[in-house]
Structure formats: C-alpha cells, structure tokens
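Here is the structure we will look at, set down as structure tokens.
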Amino acid sequence: MNRGADRYEFASDNTASICPEAWDALQKANADKAASSYGDDRWTAQVRQLVREMFEIDCEVFLVFNGTAANALALAQLCQPFHSVICHEHAHIETDECGAPEFFSGAKLLLTRGANGKIDIGEAEAAIVRQPELHSPKPRAISITQATELGTIYTINEIRALNEFARKRSLFIHMDGARFANAVASLGCAPKALTWEIGVDVLCFGGTKNGIGAGELVIFFKKELAREFDYRVKQAGQLASKMRFLAAPWVGLLTDAVWLHNAEHANRASRQLAERLRSEAKIDIVFPVEANAIFLRMSEQLVRGLHGRGWDFYKFIEPEVYRLMCSWSVTEADIADFVGDIVALKRNEEAKH
Ligand SMILES: *Cc1c(COP(=O)(O)O)cnc(C)c1O
C-alpha cells in the first residue's frame with residue numbers, strides 16, 4: 001500500500017468496480033420484494049442453469065463468498081487429512097490463502113516447480129517419488145491455476161498431459177480458475193474443452209476479478225463428487241442466506257457471454273500495455289503475457305517515481321519483478337497515462353546521468 005496512491009487501475013483486477021451488466025442484474029434482483037433464502041431462489045437456479053449451458057454438461061454448482069473459500073472447500077471435498085495436493089510453488093493456495101486449503105482439508109500441499117508458473121510433470125513425478133510411501137501423505141489431487149499466478153496459460157495439450165499423469169496416479173484434478181475467463185478468452189476454446197473434457201474434476205470459477213463484487217462458483221463436473229458439499233459450505237460459514245445477491249451478478253456475467261467479453265477486454269489491454277512498455281519505455285517483460293497480467297523488471301528508483309505519481313502496484317518476485325494487472329474496466333487513457341509516466345521518469349533519470 002502506498003501513501004497517497006490514487007491510481008489503482010493496474011494494482012490488481014480486483015480493484016475494478018462492478019461491471020454494468022452485473023450491477024443491472026443486482027438491481028433487478030433487488031426489485032423482488034421478497035424471495036426464498038439460502039439459494040432456494042430463482043436467481044441461484046438461473047446461475048446453475050447458465051453454468052450447465054456454458055459447460056455443456058449437467059454439473060453441480062455452488063456459490064461461496066470468495067476464492068479462498070472455493071479452493072479450500074473444493075480441496076477438502078477431495079481429500080482426507082492423510083492426503084496431499086500437488087501444486088506449483090507459486091500457487092495461490094500455497095502463497096495467498098493463509099493455509100486455508102490445508103486447514104479445511106487437513107491435507108498437505110506438495111510443492112513443485114515448473115517454468116512460467118506451470119507445473120512440470122517431471123518435477124511433480126520427482127516430488128512424489130521423494131515421498132516414502134505410507135510414511136508421507138498420499139497424493140490425492142493435483143491443483144492447477146488457470147490462468148496461472150504468473151499470467152500464463154496452460155494449453156489444452158498441457159492439461160491433457162497432466163490428466164494422463166493424474167489418472168495413472170489416481171489423482172483428482174482441481175482447477176483454481178480465479179481467472180478462468182481470461183484463459184478461455186486467450187485460448188478461444190469452449191469452456192468444456194479446457195475442463196471436464198480433459199479431466200478437470202472440480203473448477204473454482206472466479207467472478208470477482210472478472211467484474212462482479214463478490215461470489216465465486218465451485219463446479220463439480222462429476223456430480224457424485226459433490227456429495228454433502230452443501231453441508232461443508234454451510235459449516236465453513238460460506239452459505240449466503242440472501243444468496244440471490246451473490247447469484248444475480250453472476251446471471252449478469254453469464255448472460256450473453258459478458259464474462260468472456262470482460263476477459264477479452266482485460267487480455268487485450270494487457271497485451272497493449274505490455275507492447276507499449278516494451279517499445280516506448282524499453283521495459284523488460286519477464287513472463288509471456290498470455291492473460292491479463294504483466295510482470296516487469298523495474299529499478300527501485302523507477303518504482304519510487306511511479307508510486308510518487310500515485311500508481312499502486314505490487315512487487316511479486318525479489319529483487320525487482322513487479323506485477324501489473326488489467327481488468328474489464330481499464331481504458332486506453334489509463335494505459336497511455338501509465339506509459340507516459342514511465343517514459344517521462346526514465347527520461348528524467350537519463351538526463352541526470
Ligand atoms: C484472487 C485469487 C484467488 C481468490 O482470492 P480471494 O481473495 O480469496 O477471493 C484464488 N486464486 C488465484 C490465483 C487468485 O488470483
């Protein structure tokens with residue numbers, strides 16, 4: 001957090017406001033003078049129906065308040081306390097959820113490496129082999145983030161290979177899809193082609209970073225895996241009594257593929273920002289820009305200058321890799337302002353030398 005920051009456009013995709021379609025749906029839901037509670041309302045029913053249409057399968061759909069809960073409860077559903085979950089060392093479930101997945105599931109996270117934020121199968125295999133059978137938690141699931149924490153995308157073939165590996169080892173596949181929409185937009189494929197068709201068992205589908213205020217979906221593609229999940233959600237304090245107000249914005253996103261348009265916009269903005277940073281400011285972009293995140297190398301001095309001009313953003317990897325994110329609401333003017341400030345700061349810096 002920077003004192004005096006007033007430009008949050010690129011700090012994260014959760015700094016954006018609620019998109020008009022979601023806002024409109026929320027208002028419509030509020031026009032119902034009274035409705036059934038705890039998800040027994042027409043808005044929640046409609047979300048479930050729209051998700052089934054989107055994924056072209058009869059799946060089980062649950063709404064929780066945020067992504068941490070979605071991941072933690074989904075993994076708890078798949079694992080016993082003597083199990084482990086294979087994930088990337090940069091996985092959100094490892095670095096940003098305060099241990100919630102381990103707390104709720106009792107299972108241990110088994111960290112692996114891999115270039116560009118993606119699990120390398122050889123590394124995963126080695127991590128399993130290093131664990132003496134019976135004396136270590138039994139690998140039960142593999143968790144992949146799509147799009148990844150480093151703004152890259154698993155291709156369909158890469159997930160297919162992970163699925164082969166998972167099936168051989170009887171592992172479930174969990175997908176942290178806080179930015180699933182950005183992945184679909186980037187690959188231009190059907191949502192099913194990126195999930196159940198290639199072995200994904202449960203998807204945590206994020207809406208917050210796509211354009212709503214709160215509420216994430218937990219989707220079980222094999223209905224039997226969702227057994228008693230409703231109780232788990234309630235026990236964890238994640239069952240909204242006025243669920244229609246979590247559901248309605250989702251109806252806004254899922255109608256007329258607003259989720260996809262929002263993600264396409266964010267991805268396009270990121271590509272544009274990255275290209276301009278490279279060409280106009282000679283900035284070094286660290287990972288391939290495949291979704292809506294840009295990782296860039298900047299000197300401390302340049303960062304201080306940007307903060308001084310009000311820009312808020314985070315350092316991600318020591319010593320000098322920072323992250324910029326684009327959301328559905330980033331405009332060309334925002335991009336021009338940021339690039340303009342960087343170019344000006346670099347010019348001042350050079351003039352001093
Ligand atoms: C934002 C995010 C989440 C969810 O975070 P919450 O703050 O709990 O909603 C999960 N996974 C990834 C990769 C994220 O970026």
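Annotation for region 24-42: no member residue is in a strand (DSSP E or B) and of a type in the set (D, E). For region 225-243, filtering for residues that are more than 16 Å from the ligand (Cβ to nearest atom) and either in a loop (DSSP other than H, G, I, E, B) or open to solvent by less than 20 Å² (accessible area, probe 1.4 Å) (or both) leaves 8. Count of region 164-204 residues, restricted to those that are polar (S, T, N, Q) and either free of Cβ contacts under 8 Å to residues at least 12 places away in the same chain or farther than 19 Å from V289 by Cβ (or both), is 2. Restricting attention to region 260-307, which residues are within 30 Å of N348 (Cβ to Cβ) and of a type in the set (S, T, N, Q)? Matches in region 260-307: S270, Q272, S279, N292, S299, Q301. Say whether the condition of being assigned to a strand (DSSP E or B), over 29 Å from L296 (Cβ atoms) and either in the same structural domain as H88 (by TED's automatic domain parsing) or open to solvent by less than 20 Å² (accessible area, probe 1.4 Å) (or both) is met by at least one residue in region 105-128. Looking through region 105-128, at least one residue is assigned to a strand (DSSP E or B), over 29 Å from L296 (Cβ atoms) and either in the same structural domain as H88 (by TED's automatic domain parsing) or open to solvent by less than 20 Å² (accessible area, probe 1.4 Å) (or both).
Here region 23-49 is the region considered, the condition is being among the acidic types (D, E) and open to solvent by 60 Å² or more (accessible area, probe 1.4 Å), and the residue that is farthest from the ligand (Cβ to nearest atom) is D40. Please work out if D96 is under 30 Å from G237 (Cα atoms) and touching a helix residue (DSSP H, G or I) at 6+ places or on another chain (Cβ under 6 Å). Here the answer is no, as D96 does not meet what is asked. R52 satisfies every condition listed in (1) out of contact with any Cys (no Cβ under 7 Å at 6 or more places or on another chain); (2) away from the ligand (no atom under 16 Å from the Cβ) except (1). Scanning region 210-224 for residues that are surrounded by fewer than 19 Cβ atoms within 10 Å (Cβ to Cβ) and more than 18 Å from the chain's Cα centre (by Cα), we see that the one that is nearest to W43 (Cα to Cα) is K223. No other residue among I142, I156 is surrounded by 22 or more Cβ atoms within 10 Å (Cβ to Cβ), in contact (Cβ under 8 Å) with a residue 24 or more places away in the chain and more than 13 Å from the ligand (Cβ to nearest atom) apart from I142.
Conditions (1) assigned by TED's automatic domain parsing to the domain that holds Q77; (2) closer than 20 Å to H261 by Cα; (3) within 16 Å of the ligand (Cβ to nearest atom); (4) within 19 Å of the chain's Cα centre (by Cα), marked per residue:
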{"site": "Q131", "(1), (2), (3), (4)": "yes, no, no, no"}
{"site": "T152", "(1), (2), (3), (4)": "yes, yes, yes, yes"}
{"site": "A193", "(1), (2), (3), (4)": "yes, yes, no, yes"}
{"site": "T208", "(1), (2), (3), (4)": "yes, yes, yes, yes"}
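Every condition in (1) open to solvent by 20 Å² or more (accessible area, probe 1.4 Å); (2) over 30 Å from E102 (Cβ atoms) is met by F287 except one, and the failing one is (2). For region 282-298, a residue qualifies if it is over 24 Å from A16 (Cβ atoms) and touching a residue at least 24 places away in the same chain (Cβ under 8 Å), and the qualifying residues are K282, R297. Could you check region 69-100 and list, in sequence order, the residues that are more than 17 Å from A124 (Cβ to Cβ) and either surrounded by fewer than 23 Cβ atoms within 10 Å (Cβ to Cβ) or without any contact (Cβ under 8 Å) to a residue 24 or more places away in the chain (or both)? Passing the criteria: A69, A76, Q80, P81, F82, H92, T95, D96, E97, C98, G99, A100.
The values are calculated or read from the model by the stated rules, or taken from the named source; none is laboratory data. Just so you know, these numbers come straight off a predicted model, no measurement behind them. Note that we place each Cβ from the backbone using ideal geometry, even for glycine, and neighbour counts take in every protein chain shown. Accessible surface areas use protein heavy atoms only, side chains included; no ligands, DNA or RNA. Shrake-Rupley method; radii C 1.70, N 1.55, O 1.52, S 1.80 Å.
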